[in-house]
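Below you'll find the structure, written out as structure tokens, and then a few comments.
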Amino acid sequence: MEVFGSSGARGVANEELTPEFVTGVAGAATSVWGADRVAVARDTRTTGEMFAGAATAGVTSAGADADRLGVVPTPAVQAYAEREGVPAVVLTASHNPPEYNGVKLVGGDGAEPDIETVERIEARLDGGDGDAAAWDAVGHERTVDGANDAYVEELLAGVDRERIAGAGLTVALDPGHGAGSLTSPEFLRRLGCAVRTVNATPDGRFPGRDPEPVAENLPELRRLVRATDADVGVAHDGDADRAVFVDETGAYVEGDATFAALAAAELGPGDTLVSAVNVSQRVVDVVESAGADLELTAIGSTNIMARIRELEAAGETVPVAGEGNGGVVFPRHRLARDGAYTAARLLELLAERPLSDVAADHGGYHNVRRNVPYESEAERDAVVAAAAERAREAESERDGEVEVTTTDGYRIDFGDGWVLARPSGTEPLVRVYAEARDADRAEELAAWMTGALRAAGD
Ligand code: MG
């Protein structure tokens, strides 16, 4: 049974995700890790305390001691895990709505466990092997204070403090009542920024906004930027492993544009950037002009992390990776997404130019998204086959000029734009994405793909 999807195991608390399940996962993970100590942490959700208790029961029942970290951003748990050399169970549903919760696992190196470890944990859950220690061998729990403080110190040591402080920036911050409320305000202040906040009290009901940091959820941050004449607005998701930005005029900056800007500052000739198959042309352009290589994985951070490991093991340098949703990875910092670190790296760029300027270097693209629904497995197969046929046609008609990627659906790059057809993992439809500098070209590419899929599905 696959328990962990591309972003961990998540569901509506006490309906889809139960304390019994969490206890089982924590026990199985503890056994597979062979750990004698496991950290347990959570984000601000109302069900977090309950699930952290359930995870602690699983860890101690399997014979390991539990370090209870309390409410901590996921990247701060990852910092703790690496520093202490202990794996961790994190109770978080990241950007999902308040009624959700989830389990995320962190290895003793601070990174997500590799796919093989995840499969062993899933197999152990399936096999019902039992992880229970004898009555006199169960673990103990202890409360550990200071994980957030240590994380902030680590962040401060890892970025260019002088450059950021010298810029005299005013930062508007919206941690969205999530775990970043406990760390990002202090971090930014200690970087020498004037910090103005909204939604910065930890609150698992998320009264100010939904945890997902997308444009429609950030009107308050945009107002705060304008009202305080801030240089930049920063927003996190519920566990603060992502950061998205608002420029000095109060305009939302596309995540693809900030990813491209961060990548441009980081990449050199011969480097490799890892992203998913829906990567923006903005990022493709940056990779090309840096003389770097692009590696595309299936969508989801687990896949991206796995590819970074493979490439690094093969001797490649991967200085930056991630997706256009604000989830950027700087593997030299850690094999993890980190919202506060990402924000600081962007602030470094703002020492020279306003964010609207930085983003304008990577603007001017048009994105189109379409859905093609299907009603049966047979219809789905026909629709996917039509996408494959489109890829073959494009390759044979424009020999050498198009590049087809079949990692997750069919992505066809034409040089001046691209189109991707990919079955949704959760709904009965095939998603079509297209992007080009020219709006008509983006529409044309989407229509060219969508037309074939619709015809095949009828
Ligand atoms: Mg997250």
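The values are calculated or read from the model by the stated rules, or taken from the named source; none is laboratory data. Just so you know, these numbers come straight off a predicted model, no measurement behind them. Cβ coordinates were reconstructed from backbone atoms using ideal geometry, including for glycine residues, and neighbour counts include every protein chain displayed.
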Inset, instruction - With respect to D256, determine if the residue is under 30 Å from A276 (Cα atoms), within 16 Å of the ligand (Cβ to nearest atom) and touching a residue at least 24 places away in the same chain (Cβ under 8 Å). - result: no
Inset, instruction - Read through the list (1) surrounded by fewer than 18 Cβ atoms within 10 Å (Cβ to Cβ); (2) out of contact with any strand residue (DSSP E or B) (no Cβ under 8 Å at 6 or more places or on another chain); (3) at positive phi, then give the number of the only condition that D229 fails. - result: (2)
Inset, instruction - For S275, work out the one condition from (1) surrounded by fewer than 23 Cβ atoms within 10 Å (Cβ to Cβ); (2) not in a helix (DSSP H, G or I) it doesn't fulfil. - result: (1)
Legend entry - Looking only at region 198-245, and only at residues there that are more than 13 Å from the ligand (Cβ to nearest atom) and among the small types (G, A, S), the one that is modelled with the lowest pLDDT: A215
Inset, instruction - Please state which one of E288, E352, E323, E377 is under 25 Å from G168 (Cα atoms) and not β-branched (V, I, T). - result: E352
Legend entry - Qualifying helices (runs of 4 or more DSSP H) (wholly inside region 146-232; at least 3 residues being more than 23 Å from H333 (Cα to Cα)): 219-227
Legend entry - Test set (1) surrounded by fewer than 21 Cβ atoms within 10 Å (Cβ to Cβ); (2) more than 16 Å from the ligand (Cβ to nearest atom); (3) within 21 Å of A240 (Cα to Cα) - A9 fails condition number: (2)
Legend entry - Selection within region 253-276 - closer than 21 Å to A306 by Cβ and either at pLDDT below 95 or among the aromatic types (F, W, Y) (or both): F259
Inset, instruction - Starting from region 60-72, keep only residues that are in contact (Cβ under 8 Å) with a residue 60 or more places away in the chain, then list their pairs with residues that are surrounded by fewer than 19 Cβ atoms within 10 Å (Cβ to Cβ) and among the hydroxyl-bearing types (S, T, Y) whose Cβ atoms are within a distance under 8 Å, requiring at least 6 positions of separation or different chains. - result: R68/T143; G70/T143
Legend entry - Single unsatisfied condition, T143 versus (1) in contact (Cβ under 8 Å) with a residue 12 or more places away in the chain; (2) more than 21 Å from A200 (Cβ to Cβ); (3) surrounded by 14 or more Cβ atoms within 10 Å (Cβ to Cβ): (3)
Inset, instruction - Take region 300-328 and flag every residue that is more than 14 Å from the ligand (Cβ to nearest atom), within 22 Å of A261 (Cβ to Cβ) and part of a loop (DSSP other than H, G, I, E, B). - result: T317, V318, P319, G324
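Looking for whichever is among the charged types (D, E, K, R), over 18 Å from R83 (Cβ atoms) and surrounded by 20 or more Cβ atoms within 10 Å (Cβ to Cβ) here; the options are D174, D126, D160. Which one fits?
Values: D126 fails: surrounded by 20 or more Cβ atoms within 10 Å (Cβ to Cβ); D160 fails: surrounded by 20 or more Cβ atoms within 10 Å (Cβ to Cβ).
Unique residue meeting the criteria: D174.
So that you can scan it fast, the table gives a plain yes or no per residue for (1) part of a loop (DSSP other than H, G, I, E, B); (2) more than 23 Å from G53 (Cβ to Cβ):
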position: V89; (1), (2): no, no
position: S94; (1), (2): yes, no
position: P97; (1), (2): yes, no
position: N101; (1), (2): no, no
position: G110; (1), (2): yes, yes
position: E116; (1), (2): no, yes
position: A123; (1), (2): no, yes
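Could you check region 347-458 for strands (runs of 3 or more DSSP E) lying wholly inside it with 2 or more residues that are surrounded by fewer than 19 Cβ atoms within 10 Å (Cβ to Cβ)?
Working: elements: 366-373, 403-405, 410-413, 417-423, 429-436.
Where strands (runs of 3 or more DSSP E) fall fully within region 347-458 and carry at least 2 residues being surrounded by fewer than 19 Cβ atoms within 10 Å (Cβ to Cβ), they are 366-373, 403-405, 429-436.
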Inset, instruction - Scan region 76-93 residue by residue and report those that are in contact with a strand residue (DSSP E or B) (Cβ under 7 Å, 6 or more places away or on another chain) and within 14 Å of the ligand (Cβ to nearest atom). - result: V77, Q78, V90, L91, T92, A93
Inset, instruction - Please work out if A88 is more than 17 Å from the chain's Cα centre (by Cα) and within 23 Å of E20 (Cα to Cα). - result: yes
